[in-house]
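> Below is a structure I'd like to ask you about.
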Amino acid sequence: MALYSEKVMDHFRNPRNVGSIENADGIGEVGNPVCGDIMKIYLKIDNDIITDVKFETFGCGSAIASSSMATELIKGKTIQETLQITNKAVAEALDGLPAHKMHCSVLAEDAIKLALKDYYDKNGIEYDPAQFVIHDDEH
């Protein structure tokens, strides 16, 4: 059995939504000091909809694939739908990740949450801080 699924390999070799967004409405950046992965997500939001999303990731193939898949999962979604995206959803959409690489999907979830929190903060929008808890202890 292969260590990585075909979807992981596809998103690693052909990542979607790579780059940055000038004047992004929200930016979230996370890093894992243990493995050295760094992930940055940029959001463009219009009428509560994620109209564009880009990422820059410095890391392993699983981190790149997780970033790519996460951007595909949230593009066109409302903010509330996006807040429901979990690392497990990212991993499932990739047809799984090896257990020792699950932290990459956690980074993707956290980067999205931090980008949305940044959007709320920039626009003075009230929010429940519990929606933006990141997994510092898990990666």
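The values are calculated or read from the model by the stated rules, or taken from the named source; none is laboratory data. Note that this is a predicted model, so its numbers are computed, not measured. FYI the Cβ positions are ideal-geometry reconstructions off the backbone, even for glycines, and counts take in every protein chain you see.
> Consider residue 64 carefully, then state whether it is surrounded by 16 or more Cβ atoms within 10 Å (Cβ to Cβ), under 28 Å from residue 128 (Cβ atoms), of a type in the set (A, V, I, L, M, F, W, C) and in contact with a helix residue (DSSP H, G or I) (Cβ under 6 Å, 6 or more places away or on another chain).
no
> Here is a follow-up. Since residue 91 meets every condition but one in (1) modelled with pLDDT of 95 or more; (2) surrounded by fewer than 16 Cβ atoms within 10 Å (Cβ to Cβ), which condition does it not meet?
Of the numbered conditions (1) modelled with pLDDT of 95 or more; (2) surrounded by fewer than 16 Cβ atoms within 10 Å (Cβ to Cβ), the odd one out for residue 91 is (2).
> Please specify each residue of the stretch 1-48 satisfying the condition of being under 24 Å from residue 116 (Cβ atoms), in a loop (DSSP other than H, G, I, E, B) and among the aliphatic types (A, V, I, L, M). Give the derivation first.
First, the residues of the stretch 1-48 that are under 24 Å from residue 116 (Cβ atoms): 11, 15-33, 37-48.
Next cut, in a loop (DSSP other than H, G, I, E, B) only: 15-17, 19-25, 32-33, 37, 47-48.
21, 24, listed by residue number.
> Any idea which residue in the stretch 64-86 is nearest to residue 48 (Cα to Cα), counting only those that are among the β-branched types (Val, Ile, Thr) and not in a helix (DSSP H, G or I)? Reasoning before the result, please.
Kept after step one, since they are among the β-branched types (Val, Ile, Thr), are these residues of the stretch 64-86: 64, 71, 74, 78-79, 82, 85-86.
Pick out the ones that are also not in a helix (DSSP H, G or I) and you get 78, 85-86.
Numbers: 78: 5, 85: 16, 86: 19 Å.
Residue satisfying both the conditions and the ranking: 78.
> A further question follows. If I ask for residues that are more than 26 Å from residue 96 (Cα to Cα) and β-branched (Val, Ile, Thr), which ones from the stretch 1-57 would you list?
Matches in the stretch 1-57: 21, 27, 45, 49, 51.
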